[in-house]
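The values are calculated or read from the model by the stated rules, or taken from the named source; none is laboratory data. Nothing here was measured: the structure is a model prediction, and the numbers come from that model. All Cβ positions, even for glycine, are placed from backbone atoms using ideal geometry, and neighbour counts span all protein chains on display.
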Amino acid sequence: MDAYNKVVEFHGHECPGVTIGYRVSKYVEEHFERSEDEQLVAIVENNSCSVDAVQFMLGCTFGKGNLKFKDNGKHVYTFYSRENPEKALRIYLKYESFKPIQELNKKYNEGTLTKEEEVEMFERRKEATKNMLSLPDEELFDVKWVEIKEPKKARLYPSIKCQNCGESFMEIKGRTIDDKIVCKDCFEKLVH
């Protein structure tokens with residue numbers, strides 16, 4: 001559990017999300033031939049707390065270009081080795097013990113949760129976290145080998161200055177408006 005405690009420390013608190021990421025990463029460590037540093041690519045389909053565990057345990061980061069984000073809102077994690085590109089490991093969280101918490105989470109997000117409901121919500125989250133730490137992999141995950149197109153490697157692009165605000169940005173991210181090359185922020189402000 002030492003690795004789990006380190007992940008929690010890195011993340012800042014214990015929660016179901018970071019526990020999911022810990023279990024996913026632990027599964028990858030045990031069942032997927034690890035590659036050197038940037039050769040292991042993680043494709044995550046959510047931006048939850050779970051991704052912190054993937055970064056911490058497996059070394060996949062946005063900065064190195066070996067952490068890819070697909071905004072699908074799913075607890076799906078696909079791992080690809082650039083050294084062994086035949087198949088990728090796809091892990092889907094099938095554990096559904098969060099249903100009793102969903103209504104409380106909704107009220108929490110709306111700001112309508114009573115103090116009693118808040119205590120109940122955090123108790124249920126603790127229970128779900130404890131369950132996820134002890135469940136066998138086959139009850140927690142649906143795992144399969146899949147074929148995917150090789151994820152693009154990180155590229156370095158030249159920086160240019162926005163002709164509106166003067167701040168530098170990656171050339172490939174620029175937009176053109178009124179015969180000026182501008183950053184995305186300025187483009188959005190000028191369009192609206």
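Here are the numbers for this structure:
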{"read-out": "Lone qualifier among GLU116, GLU120, GLU139 - being part of a helix (DSSP H, G or I), loosely packed, with under 12 Cβ neighbours inside 10 Å and not assigned by TED's automatic domain parsing to the domain that holds TYR22", "value": "GLU116"}
{"read-out": "Filtered residue count, the stretch 125-134, keeping only those that are in contact with a helix residue (DSSP H, G or I) (Cβ under 8 Å, 6 or more places away or on another chain) and modelled with pLDDT of 90 or more", "value": "3"}
{"read-out": "Wholly within the stretch 26-90, strands (runs of 3 or more DSSP E) carrying at least 2 residues that are touching a Pro at 6+ places or on another chain (Cβ under 9 Å) and surrounded by 21 or more Cβ atoms within 10 Å (Cβ to Cβ)", "value": "none"}
{"read-out": "Neighbours by Cβ (under 6 Å, 6+ apart or cross-chain): first from the stretch 150-168, closer than 16 Å to THR61 by Cα; second hydrophobic (A, V, I, L, M, F, W, C) and modelled with pLDDT of 90 or more", "value": "PRO151/VAL41"}
{"read-out": "Residue satisfying all of: in the stretch 169-183; touching a strand residue (DSSP E or B) at 6+ places or on another chain (Cβ under 9 Å) and within 23 Å of THR61 (Cα to Cα); surrounded by the fewest Cβ atoms within 10 Å (Cβ to Cβ) among these", "value": "GLU171"}
